[in-house]
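Enquirer: Next up is a structure, given as structure tokens.
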Amino acid sequence: MNVKEVKQVVQKYFEGETTLEEERMLEAYFQSEEIEEELKEYAEFFGGISELADETDDREIEDDVMNYILENEHREKTKYRSLWKTVTGIAASIIIVLGGFLFYQQQQAPFKDTFDDPDKAYEYAQQTLRYVSSKYNKGLAELSNFDKLEAAKKPLKEGITPVNKFFDTVEKIEKTENQ
């Protein structure tokens, strides 16, 4: 392998684009005695990597890491799930107790009429209806201004009609000339 090829494969290695075969070629090159002077800086790096690969089995490390991740993930999920169950249970209990208390309190208080004398109640209802009626009539009075607007709009419509007729005749003349 010449220096140029080794440099290209090293570059691919650091970019994470090498194949397993290319990585083995780099490992073999840097373990050999024929390393070019400009590539000696990488010899220690690749030598260390090959030593680590010899000492441990990658599958064991992957399995250990994956098991650790799954165990922690499972612990967190169960922790939050039990916390959620506890909080919702407490909230439901509070709602039930509060609802029962309010229902009991409502049952204990009898219905109390506002007026003792029906004539007074009738008179008060009439006053209220008169008040609402006066406000309603006041609002309707404001709507009468629309009649004035309609009356003011009528001369405008009549004034525009001759202009529209003129434009219609001009359009008819243009159509006949173009044909």
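Enquirer: Apply the a/c threshold of 1.5 to the C-alpha gyration tensor of region 1-143 and tell me whether it is rounded, prolate or oblate.
Expert: Oblate.
Enquirer: Still on this structure, please answer the following. Of the chymotrypsin sites (Phe, Trp or Tyr not before Pro) in region 70-113, which ones lie in a loop per DSSP and count no more than 15 other C-beta atoms within 10 Å?
Expert: Phe111
Enquirer: Give me a comma-separated list of calculated 3J(HN,Hα) values for region 20-25, in order, Karplus coefficients 6.51, -1.76, 1.60 applied at θ = phi - 60°, integers in Hz, x for any Gly or Pro.
Expert: 5, 5, 5, 5, 5, 5
Enquirer: While we're looking at this one, here's another question. Test of the criteria: in region 60-123, which trypsin sites (Lys or Arg not before Pro) are in a DSSP loop and have at most 13 other Cβ atoms within 10 angstrom of their Cβ?
Expert: Qualifying residues, ordered by number: Lys112.
Enquirer: Please work out whether region 103-143 counts as rounded, prolate or oblate from its C-alpha gyration tensor, where a ≥ b ≥ c are the square roots of the eigenvalues and a/c under 1.5 means rounded, while otherwise a/b larger than b/c means prolate and anything else oblate?
Expert: The shape class here is oblate.
Read-outs throughout are calculated quantities, based only on the coordinates presented, and are distinct from any laboratory measurement. The structure displayed is predicted, hence computed values, not measured ones. Don't worry about glycine lacking a Cβ; one is built from the backbone with ideal geometry, like all the others, and counts go over all protein chains shown.
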